[in-house]
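This report refers to the structure that appears directly beneath it.
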């Protein structure tokens with residue numbers, strides 16, 4: 001890598017503009033999209049760049065999100081660099097084609113501006129759509145602020161298109177809290193951003209008539225199992241590439257990303273595991289609790305949700321006494337997704353920390369520092385007792401009587 005760059009002047013962008021600028025700088029060939037709140041400005045901004053002559057690509061306006069991802073699959077199969085954005089119900093409508101994209105190893109980048117799924121209808125942010133698509137065979141990168149929405153969108157192209165990966169990548173940011181909130185950030189110059197991402201290398205393009213290829217083949221029981229096993233292997237093996245690209249980006253910009261981010265975990269006795277913008281709020285709550293009450297608390301946040309970083313999660317949480325997992329999605333009659341992931345990861349840990357589950361922030365409900373401090377205090381009760389003394393699952397920040405289960 002070249003020497004560390006002199007960063008550009010500070011820009012003030014919201015998360016949608018940050019993603020759109022990353023799209024522009026990556027010099028995408030095709031964006032196919034259908035608008036939906038709160039992701040609409042990502043593709044709208046890109047369309048404006050195209051109309052103003054700042055990009056040389058194609059913007060395809062389609063009749064639905066299903067058609068948007070279908071068009072992206074076709075464009076990627078033809079040999080183009082492709083991206084789009086969506087949220088919530090639109091993401092749900094895309095779900096069928098998400099599996100097509102990953103199964104055919106299309107390096108598409110999808111900006112998912114996370115929003116609640118109906119019903120009731122709600123346009124604000126939670127992680128319902130993130131959890132809906134977590135097992136669709138895509139790499140999933142999670143952002144906590146606007147700078148990260150920009151950086152990780154650029155990184156997503158480089159990860160997806162790496163010849164040892166060739167898988168689609170979702171980049172998640174919280175609806176409205178990130179997508180519509182403006183913050184200072186340091187973008188790369190256009191040349192530096194494009195040089196980092198690199199020129200697109202087509203693999204088995206359909207328009208290369210000298211080497212005919214087939215996409216969307218039918219396999220049935222004779223070869224389907226082998227294809228899915230190879231796809232899973234590629235997803236699991238992508239961790240090495242992700243680590244390398246994160247390291248290259250740090251060398252270039254000074255900004256460090258890891259598959260698992262931790263805060264104050266060196267001596268932590270209790271921890272919260274969270275995703276999205278809540279991570280930054282939890283860091284503030286942890287700092288204040290340490291200073292005010294001497295509670296040794298820490299924060300763990302998976303940066304890469306898929307492939308799930310089992311090795312790093314186990315290492316980071318190995319010595320804590322109690323853990324609270326924060327799930328920003330209705331659990332649908334089960335324990336929350338993060339709870340299940342963390343519990344499975346630590347099941348073989350001989351120390352077996354106490355783990356409980358907090359459901360919070362549904363439909364955009366705020367998660368405050370005060371609420372998080374109460375969560376930490378409850379986790380400490382479990383740590384001190386060495387067993388579960390609080391409900392296994394509870395809804396945190398809910399109006400009315402306390403709601404808990406198990």
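Set side by side, the residues 194, 215 differ, and just one is within 24 Å of the chain's Cα centre (by Cα), in contact (Cβ under 8 Å) with a residue 40 or more places away in the chain and either loosely packed, with under 13 Cβ neighbours inside 10 Å or assigned by TED's automatic domain parsing to the domain that holds residue 141 (or both), which is 194. Among all residues of segment 152-174, there is none that is in the same structural domain as residue 24 (by TED's automatic domain parsing) and more than 30 Å from residue 345 (Cα to Cα). The condition of being closer than 29 Å to residue 16 by Cβ and either in a helix (DSSP H, G or I) or in contact with a helix residue (DSSP H, G or I) (Cβ under 8 Å, 6 or more places away or on another chain) (or both) does not hold for residue 207.
From the set of residues in segment 65-88 that are surrounded by fewer than 19 Cβ atoms within 10 Å (Cβ to Cβ) and out of contact with any helix residue (DSSP H, G or I) (no Cβ under 6 Å at 6 or more places or on another chain), which is nearest to residue 156 (Cα to Cα)? Result: 79. Summed over segment 21-39, the residues that are surrounded by fewer than 22 Cβ atoms within 10 Å (Cβ to Cβ) and either free of Cβ contacts under 8 Å to residues at least 12 places away in the same chain or out of contact with any strand residue (DSSP E or B) (no Cβ under 9 Å at 6 or more places or on another chain) (or both) give a count of 3.
Could you run through segment 48-64 and say how many residues are surrounded by fewer than 16 Cβ atoms within 10 Å (Cβ to Cβ) and either closer than 23 Å to residue 177 by Cα or in contact with a helix residue (DSSP H, G or I) (Cβ under 7 Å, 6 or more places away or on another chain) (or both)? Explain how you work it out, then say what you get.
Filtering segment 48-64 down to residues surrounded by fewer than 16 Cβ atoms within 10 Å (Cβ to Cβ) leaves 48, 51-54, 56, 58, 61, 63-64.
Subsequent filtering for residues that are either closer than 23 Å to residue 177 by Cα or in contact with a helix residue (DSSP H, G or I) (Cβ under 7 Å, 6 or more places away or on another chain) (or both) retains 54, 64.
The total comes to 2.
Looking at segment 219-239, is at least one residue under 30 Å from residue 45 (Cα atoms), under 18 Å from the mean Cα position of the chain (by Cα) and touching a residue at least 60 places away in the same chain (Cβ under 8 Å)? No, segment 219-239 contains no residue that is under 30 Å from residue 45 (Cα atoms), under 18 Å from the mean Cα position of the chain (by Cα) and touching a residue at least 60 places away in the same chain (Cβ under 8 Å). Please work out which residue is surrounded by the most Cβ atoms within 10 Å (Cβ to Cβ), limiting yourself to segment 370-395 and to residues that are touching a residue at least 60 places away in the same chain (Cβ under 8 Å) and touching a helix residue (DSSP H, G or I) at 6+ places or on another chain (Cβ under 7 Å). Out of the qualifying residues, it is 372.
The values are calculated or read from the model by the stated rules, or taken from the named source; none is laboratory data. Here the structure is a predicted model, which means the values were calculated and not measured. Positions of Cβ are backbone-derived with ideal geometry, glycine not excepted, and every protein chain shown enters the neighbour counts.
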